[in-house]
Amino acid sequence: MRKHIKNNVSWVGFIDWELDSFHGDDYSIMNGSSQNAYLIEEEKTVLIDTVWKPHKDGFVENLKKEIDLKKIDAIIVNHGEIDHSGALDSLLEEIPGTPIYCTANAVKSLTGQFHCDDWNFQVVKTGDSYDLGNGKQLVFVEMRMLHWPDSMACYMTGDNILFSNDAFGQHFAVEELFNDLADPCLLEKEAMKYYANILNPFSPLVKRKLEEIIALNLPIDIIAPSHGVVWRDNPLQIVEKYAAWCDRYQEDQITIVYDTMWEATAQLANRLGAYISELSPDTRVKVFNLSKTDKNEIMTEVFRSKAIAVGSPTVGNDILSSVGGWMHFLKSLKFEGKKAAAFGTYGWSGESVKKLQEYLADAGFKVIEPSVLVNWNPTADELDSTKAIAEGLLV
Ligand code: FEO
């Protein structure tokens, strides 16, 4: 089950074609995923990360077929989240006392999850290294809050491989493993979805960490993340993407998001989309009913957008719960530099637009003045009034 990466480095992880959600149900997975673990067999034998708990027994059994587990000199835990640390307990039953190299925060994370005070933790920080023998070293780089406090990367000298853990990863199953063998459109989409839905709140830290890594001027031949493809063809392309994505990223796109009870709000959404397209034919316009489209896919489109418009009918003096839940998620992702507008409908009290404007401002969006609030079904003139929103978002 090993896949050769370079010289004495192999992939020994798990490709999960059936996984359909992650972080509970908070992240949808459309194209499978993988939990990437790596085995280095220099003078020292080192395992970097493991797999998610449901796959731990298969992981250990497969590893046994590749090597005598007693040969493992050290385990590197780049990140304690259970999708990477899930097999540690089973593995350590076979090789108790094996040193685990990780950050101080990872000790807290692993101890909290596994209640494992007797594990042989070796705490490392940025700049520390592990001598692999044969003139090669693993150099550790703390990646605090990218995306957990304990996150870490390590760089293998000699082979010039950056084991980046979650950074630069994607939830994307690629049996062929390498980026040059993957479907390029899906790869870019899944890498962006991963950034938008998981890493975006930490963009200022991503920016600083990228500057720090670039300043080290390390030769990087391969970037080996803990999910998805291994970047061997122009590996810095994903670093360049991250440099753009962490800097208030936007394309010439406007995304309209709404939910509707009896189609009145849907009519406003679709007319607004048509007006934007008419006024600015080069602008990409996307219109999503929140109850019919996956929330993480929509969020990726928001990430691409320079502006959004959000619509809801008034329900219980507020907005539909589907829109409210999504707005809560939107706020947590901390988008910056994007415009927003609100529209909605009502039968009697009519608070939805005011509420939406408040929620959008609270989520960090620049809310424009024009809005549309319609009593019952929109008339032709009321549908036409969405043009003011289109103009405001396009300026
Ligand atoms: Fe892939 Fe943060 O775990």
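Listing for the model above:
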{"read-out": "Count of region 223-268 residues which are part of a loop (DSSP other than H, G, I, E, B) and more than 16 Å from the ligand (Cβ to nearest atom)", "value": "16"}
{"read-out": "Members of region 74-90 found to be more than 16 Å from the ligand (Cβ to nearest atom) and either at pLDDT below 95 or surrounded by 20 or more Cβ atoms within 10 Å (Cβ to Cβ) (or both), listed by number", "value": "ILE75"}
{"read-out": "Residues within region 63-76 that are touching a residue at least 40 places away in the same chain (Cβ under 8 Å) and touching a helix residue (DSSP H, G or I) at 6+ places or on another chain (Cβ under 7 Å), tallied", "value": "1"}
{"read-out": "Any hit, region 49-57, residues being within 16 Å of the ligand (Cβ to nearest atom) and touching a residue at least 60 places away in the same chain (Cβ under 8 Å)", "value": "yes"}
{"read-out": "Long-range neighbours under 8 Å by Cβ, at least six apart or interchain, first residue outside any helix (DSSP H, G or I) within region 168-181, second among the basic types (Lys, Arg)", "value": "GLN170/LYS193; HIS171/LYS193; LEU177/LYS3; PHE178/ARG232"}
{"read-out": "Residues (under 23 Å from GLY337 (Cα atoms) and either under 18 Å from the mean Cα position of the chain (by Cα) or outside the structural domain of ASN165 (by TED's automatic domain parsing) (or both)) located in region 209-238", "value": "LYS209, LEU210, ILE238"}
{"read-out": "So GLY344, is it over 16 Å from ALA390 (Cα atoms) and not aromatic (Phe, Trp, Tyr)", "value": "no"}
{"read-out": "Matching option when the condition is free of Cβ contacts under 8 Å to residues at least 60 places away in the same chain, among the hydroxyl-bearing types (Ser, Thr, Tyr), within 27 Å of ALA342 (Cβ to Cβ) and surrounded by 14 or more Cβ atoms within 10 Å (Cβ to Cβ), among TYR249, TYR195", "value": "TYR249"}
{"read-out": "Residue that is outside the structural domain of ASP25 (by TED's automatic domain parsing), within 23 Å of LYS241 (Cα to Cα), modelled with pLDDT of 95 or more and touching a strand residue (DSSP E or B) at 6+ places or on another chain (Cβ under 8 Å), where the choices are ILE368, ILE308", "value": "ILE308"}
{"read-out": "Elements of type strands (runs of 3 or more DSSP E) in region 22-110, at least 3 residues being of a type in the set (A, V, I, L, M, F, W, C)", "value": "45-48, 74-76"}
{"read-out": "Exclusive hit being over 26 Å from the mean Cα position of the chain (by Cα) and part of a strand (DSSP E or B), set ALA390, ALA342", "value": "ALA342"}
{"read-out": "Considering residues of region 145-155 that are among the hydrophobic types (A, V, I, L, M, F, W, C) and either at pLDDT below 95 or farther than 13 Å from PRO225 by Cα (or both) only, the residue nearest to the ligand (Cβ to nearest atom)", "value": "TRP148"}
{"read-out": "Filter result for the condition that a residue is of a type outside the set (S, T, N, Q) and over 30 Å from HIS147 (Cα atoms), over PHE329, PHE365, PHE343", "value": "PHE343"}
{"read-out": "Those residues of region 22-67 which are touching a Gly at 6+ places or on another chain (Cβ under 7 Å) and among the acidic types (Asp, Glu), in sequence order", "value": "GLU42, GLU43"}
{"read-out": "Condition check for ILE368: surrounded by 17 or more Cβ atoms within 10 Å (Cβ to Cβ), under 18 Å from MET192 (Cα atoms) and β-branched (Val, Ile, Thr)", "value": "no"}
{"read-out": "Some residue of region 172-187 being closer than 18 Å to SER28 by Cα, within 14 Å of the ligand (Cβ to nearest atom) and touching a Ser or Thr at 6+ places or on another chain (Cβ under 8 Å)", "value": "yes"}
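The values are calculated or read from the model by the stated rules, or taken from the named source; none is laboratory data. As the structure is a computational prediction, the values presented were derived from the model and not from experiment. Neighbour counts are summed over all protein chains in view; Cβ atoms, including those assigned to glycine, are modelled from backbone coordinates with ideal geometry.
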